[in-house]
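Worksheet: one structure, shown below.
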Amino acid sequence: MSLAAPAGAQIGLPQPSLPVPVVGPVVSQTLDGVDRATLDIERQIETLARQRVRSINRLLRDNRQSIELDRQGSPARRGELLVLDADDAALEAARQEGFTILSDDRIDGLDMAVVRLRVPETMDLAEAEELVGRIMPEAQVAADNLHFPAGHAVTPAAAQSHSAASETDIPVGMIDSAPARGDAVTEVRGFASGAPLPADHGTAVASLLSASGIRRIRAADVYGSDKAGGNALAIAKALGWLTASKSKVVTISLVGPRNAVLERAIAASQAKGVVVVAAVGNDGPAAPPAFPASYDGVVAVTGVDGRRRALIEAGKALHLDYAAPGADIFGRNAKGKRVRLRGTSFATPLVAARIAWAKSAGIYWRRALDAEAIDLGSKGEDPIYGRGLVCGACKGAR
C-alpha cells in the first residue's frame, strides 16, 4: 500500500476537547508495510491532528456569538438544544429550569418531530445538555452539532476532453453548500439563513455528479451565510425534503460528530428506500470516526489519488465501503472555472452516481459496485480501501 500526501490545508473540523492523539499505533496500522524511510507518515498524521485542534480554536474565537462546544467537545450552535421524544411533562420540567421552547419542528418526509430549546443565558451548552438529559431521561437530547466540508479546490486547471458518462434520470440529492446553477441542477432549496448561496464546494460536488451522467440533481444548501451553518437540524430537514421529493440517492460530503437527531433522520430516510452516501473526511487516520459516514447503513467513502494511493489525510469511519478518486480529478467552482480537486468530499459523489446508475439499470447497487470494485491493499475488504476502488478511471468535470 502507498499513501498520497495532501497538496495543502483542507482540514474538516475536529473534536477539539481531546488532546492531540498519540499517533504511533495509528501509523503502524496505516503503514501496512510501507517503507518508513521514504514516507514520513508519522509527521504528517501528527500535523493533521494538530491542525484539527488549531482549526476548532480559531472557529470558536471568530464566532463566539454563534458557536460553542457541547459536552463532548464538539462545535454546535450556541445556546440551543434539540430534543426527540419528550412528553409535555418533561418539557414543562425544562421550562421550570429556565429553558424556553423555540420551536416544535416536524420534518416533512421523515415522520419525525424535533423540539428546539433555548438554553438559559447563565448556563453553557455542555452544562445545559447534561441537565436536560437528567430532566428527560426517556428523551434523546443533542446539541445542534456543526458539520464541515471534506475537501477543497487546489488549483485552476485547463479544460480537457473526456468521454461522456452514461446518463441516468434517477434523481440524486446532495446536501452541501449551494451549487451554481447548471443544466443538471433541477432544484435548489435553502435550509440556513441566507441560503441558497452558491459556493465552490457545493458547485464542485454538483459538477462531479453531472460529469458522471446524473441529469436530475436536487441540491440542499445547509450553509447559506449562517455562521453556524451545516448544523444537524438543517441537514435533517434537507434530508426530509430530498426523501419527500423522491431522491433515490443522497450524497453528503460533510463531516461532524455523532448526533441523535441526524442519526434518527438518516434511519428514517433509509427506511423509505433512500441510499445515503457520505465522506469519511480529511482529518487523518488519528481522528475520531466521522459521521454521517459512520451511521448504520450509510455508504462510507474514502479517496485515492491518480496513482491509486490512499490519501494520507483521509479520515475513518466505523465501517468503510468503497474508495474512489479523491485527488487528480477536476470539477467546477462557483465562477464556472475548471479546478483540480482534492479530498474525500469529491470521491463521494462519484460513488453516489454509480449507485444511481445501477438503480436506473434495475441492478442491485451493491452487486454492481462490488463487480466493478478493484481490490487494493490487503486482499479482500480492508480498512484502507473498503471493498475496493470504484470509478477508477473517473477524471471529473470536462
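The values are calculated or read from the model by the stated rules, or taken from the named source; none is laboratory data. Quick caveat, the model's predicted, so the values are computed rather than measured. Virtual Cβ from ideal backbone geometry, glycine too; neighbours counted across all protein chains shown. Heads up: the accessible areas ignore ligands, DNA and RNA and are worked out on the full protein's heavy atoms, side chains in. Shrake-Rupley method; radii C 1.70, N 1.55, O 1.52, S 1.80 Å.
Reducing the stretch 209-252 and the stretch 310-363 to their Cα centroids gives an inter-centroid distance of 16 Å. Binning the C-alpha pair distances of the chain at 20 Å intervals from 0 yields a P(r) profile of 30, 57, 13, 0 %, listed from the shortest bin outward. The residues packed around L341, meaning those with a beta-carbon under 13 Å from its beta-carbon, carry a net charge of +3 if Lys and Arg are +1 and Asp and Glu are -1.
Full extension of the chain between D169 and S225 gives 17.0 nm of extra length, using 0.36 nm per residue less the Cα-Cα distance. Only helical runs count toward this figure. For the chain, summing -39,500 (n - 2.57) over DSSP H runs of n ≥ 4 and dividing by all residues gives -9000 deg cm²/dmol at 222 nm. A Förster distance of 56 Å, applied to the separation of the beta-carbon atoms of K272 and R50, puts the FRET efficiency at 0.85. Most simply put, the chain has about 55% antiparallel DSSP beta bridges, counting only bridges with both residues inside it. Across the stretch 62-110, the volume of the C-alpha convex hull divided among the residues equals 131 Å³ per residue. Considering only A279, A371, A143, the Gaussian network model of the chain with Cα springs below 10 Å gives its largest mean-square fluctuation to A371. Among Y364, Y295, Y223, the largest mean-square fluctuation in a Gaussian network model of the chain (Cα springs under 10 Å) belongs to Y364.
Normalised per residue, the accessible area of the chain is 41 Å², obtained with a 1.4 Å probe and no contribution from ligands, DNA or RNA. Once the chain from D108 to K379 is taken as fully extended at 0.36 nm per residue, the excess over their C-alpha distance is 93.2 nm. Apolar share of the accessible surface for the chain: 46 percent from carbon plus sulfur atoms, 1.4 Å probe.
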